[in-house]
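Scroll down for the structure; my scribbles are underneath it.
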Amino acid sequence: MFQENGINAKIKSATVKYHSSGQYYVSLKCEKNVQLEEEIDWSSVPDDQIIGLDLGLTHFYIDSNGKKVENPNYLKESLIKLAKLQRQLKNKKIGSSNYKKLQKKIAKLHLHIANKRKDFLHKESRKLVNENQVIMLEDLNVKGLIKNKKLARSIADVSWSMFKTYISYKAAWDNKKVVLVDRFFASSKQCNECHEKNTLLSLSDRFWVCPKCGTLQDRDINAAKNIKEEGIRLLRTPSLVA
Ligand SMILES: [Zn+2]
């Protein structure tokens, strides 16, 4: 039996994996009977139990309540360290003991970065699913974005796609819902107060004043609010939500 954090599950199998950093991992496949919960009428979930997220580069995400979650700092430091080690590796003789030692060190750092990232994404996704009934996300074309050569961007893309996966399966476990909002939906340029489209808005404008209603808009919070609004529209038109 597997017993932890209130989970009681029957272990069906165990797989041992070796990682090139020198560490071993065991993954357990467990089985648990769960009671299926009642079908929820998603179109009647109150607005305050619904959240919209805008995933970005300035922050990891910004939500429709105005909360901004920073990108974790460890990533930047670790990436600098990684680049340094990889430069050192180039100067070592391939196959020498120093080369192998350095290789192992690099593998360990890769693993460290991956684990830190997973830890961050698990905690954030768990919090979101615990605190909300419905989570609205932008349906980013991650495959298209990964082609972008900028490192910061590609790292963010990987995190976003993992984040979406983590939110989706945790939501499914807890009988909650994820709604994907079309990425072509003009989430940044439209004022959430009066719905006027600000065509003069450029990417560098972090704040702007709506030319029609005069509201001072924070670019990312406004975008998250628009994602929530569009998601609610989809939710209340059941034929549009898968
Ligand atoms: Zn406006």
Item checked: Search result, residues across the stretch 1-33 that are free of Cβ contacts under 8 Å to residues at least 24 places away in the same chain and among the aliphatic types (A, V, I, L, M) -> Met1, Ala9, Ile11, Ala14, Val16, Val26
Notebook entry, point to check: Of the residues that sit in the stretch 190-212 and are among the basic types (Lys, Arg) and touching a strand residue (DSSP E or B) at 6+ places or on another chain (Cβ under 9 Å), which one is surrounded by the fewest Cβ atoms within 10 Å (Cβ to Cβ)?
Noted result: Arg206
Item checked: Sole exception among (1) in a loop (DSSP other than H, G, I, E, B); (2) at pLDDT below 95 for Asn65, by number -> (2)
Next item on the list: Those residues that are assigned to a loop (DSSP other than H, G, I, E, B), away from the ligand (no atom under 16 Å from the Cβ) and either over 30 Å from Phe120 (Cβ atoms) or at pLDDT below 90 (or both), I need them from the stretch 175-189; list them, please.
Entry: Arg183, Phe184, Phe185
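Results for (1) part of a strand (DSSP E or B); (2) closer than 27 Å to Ala114 by Cα, shown as yes or no for each residue.
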| position | (1), (2) |
| --- | --- |
| Gln3 | yes, yes |
| Asn8 | yes, no |
| Ser27 | yes, yes |
| Cys30 | yes, yes |
| Leu36 | no, no |
Next item on the list: Within the stretch 190-223, work out how many residues are within 16 Å of the ligand (Cβ to nearest atom) and either part of a helix (DSSP H, G or I) or under 14 Å from Glu138 (Cα atoms) (or both).
Entry: 4
Note to self: Tell me the residue from Ser20, Ser96, Ser43 that is outside the structural domain of Lys127 (by TED's automatic domain parsing), surrounded by 10 or more Cβ atoms within 10 Å (Cβ to Cβ) and polar (S, T, N, Q), please.
What the structure shows: Ser20
Item checked: Arg236, sole failed condition from (1) surrounded by fewer than 14 Cβ atoms within 10 Å (Cβ to Cβ); (2) modelled with pLDDT under 80; (3) among the charged types (D, E, K, R) -> (2)
Check: How about the stretch 81-106: which of its residues are aliphatic (A, V, I, L, M) and within 29 Å of the chain's Cα centre (by Cα)?
Finding: Leu82, Ala83, Leu85, Ile106
Checklist line | Residue check, Leu102 of a type outside the set (D, E, K, R) and part of a helix (DSSP H, G or I) | finding: yes
Notebook entry, point to check: Only one of (1) more than 29 Å from Val178 (Cβ to Cβ); (2) within 26 Å of the chain's Cα centre (by Cα) is not met by Ser64, so which one is it?
Noted result: (1)
Next item on the list: Please specify each residue of the stretch 51-93 satisfying the condition of being surrounded by 15 or more Cβ atoms within 10 Å (Cβ to Cβ) and touching a His at 6+ places or on another chain (Cβ under 9 Å).
Entry: Lys68, Val69, Asn71, Ser78, Leu82
Check: So which residues in the stretch 68-88 are without any contact (Cβ under 8 Å) to a residue 12 or more places away in the chain and part of a helix (DSSP H, G or I)?
Finding: Lys76, Glu77, Ile80, Ala83, Lys84, Arg87
Margin query: What's the number of the only condition in (1) among the aliphatic types (A, V, I, L, M); (2) farther than 14 Å from Asp54 by Cβ; (3) not in a helix (DSSP H, G or I) that Ala172 fails to meet?
Written below: (3)
Checklist line | Filter result for Asn192 (at pLDDT below 65 and more than 23 Å from Lys116 (Cα to Cα)) | finding: no
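The values are calculated or read from the model by the stated rules, or taken from the named source; none is laboratory data. From a predicted model like this one, the values you see are computed outputs, not experimental measurements. Here Cβ is always computed from backbone atoms with ideal geometry, including for glycine, and neighbour counts include all displayed protein chains.
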